[in-house]
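J.: Got a structure for you, questions after.
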Amino acid sequence: MGSPVFLIWIVLIGAMFYFMMIRPQKRARANQSDMLQHLQPGAQVRTTAQIMGTIVEVGDDWAIVETTPGTRIKFGKPAIVGVILDDEAQDETEDAESGQDAPTPGGIGDAPHGDTVPAQDTAPVQDAVPAGADSEKAEADSVSSETSEEVKDGEPAKS
């Protein structure tokens, strides 16, 4: 325990934690607070819920974001993750204007390209009946009709 090598290892591990974890977090926090302080109307932003829109109005701790024409949502400033640069916004509008949906990951639910899904024959659906159930069903129907004839007006039939 009294060895200076042990002390050197402790110091090295502490320095490694500082430079790899603490310092980058401080830098990211400073960049985020700087970005939030300099928000201006007209800037395109992305929120923590991945809602993208244009800032219409900015307050001390809130901002109003217009997502579509006429739809405005009030967010707290910490909910705004970043400002969308012009080239990113242009790419998104081009994708929306092309009218093509983004492909489903893995092609789940998509028909193969160029192929159409063949129409299936539509046959009436019947309930499955186990073997030998026809005779049991006939007996049950006859018993229920007899009991319904015996009971009339809520009074049992007299025997």
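Rule-based calculations on the coordinates, nothing more; no lab input. Predicted, not measured: the structure shown is a model, and the values here were computed from it. A quick note on method: Cβ atoms are made from the backbone with ideal geometry, for glycine too, and the neighbour counts reach across all protein chains shown.
J.: Answer yes or no: is there a residue in region 55-68 that is in a strand (DSSP E or B), in contact (Cβ under 8 Å) with a residue 40 or more places away in the chain and not β-branched (V, I, T). First the steps, then the outcome.
T.: The first filter runs over region 55-68 and keeps only residues in a strand (DSSP E or B), leaving 55-58, 62-68.
Subset that is in contact (Cβ under 8 Å) with a residue 40 or more places away in the chain: none.
Within region 55-68 (the criterion being in a strand (DSSP E or B), in contact (Cβ under 8 Å) with a residue 40 or more places away in the chain and not β-branched (V, I, T)), the answer is no, since none of the residues qualifies.
J.: Shifting gears a bit: Identify all residues within region 20-43 that are farther than 11 Å from I80 by Cβ and either small (G, A, S) or not in a helix (DSSP H, G or I) (or both); write none if there are none.
T.: A28, A30, S33, H38, Q40, P41, G42, listed by residue number.
J.: Out of the residues in region 1-38 that are polar (S, T, N, Q) and under 30 Å from I55 (Cβ atoms), state the one that is surrounded by the most Cβ atoms within 10 Å (Cβ to Cβ).
T.: So, considering only residues that are polar (S, T, N, Q) and under 30 Å from I55 (Cβ atoms), the one surrounded by the most Cβ atoms within 10 Å (Cβ to Cβ) is Q32.
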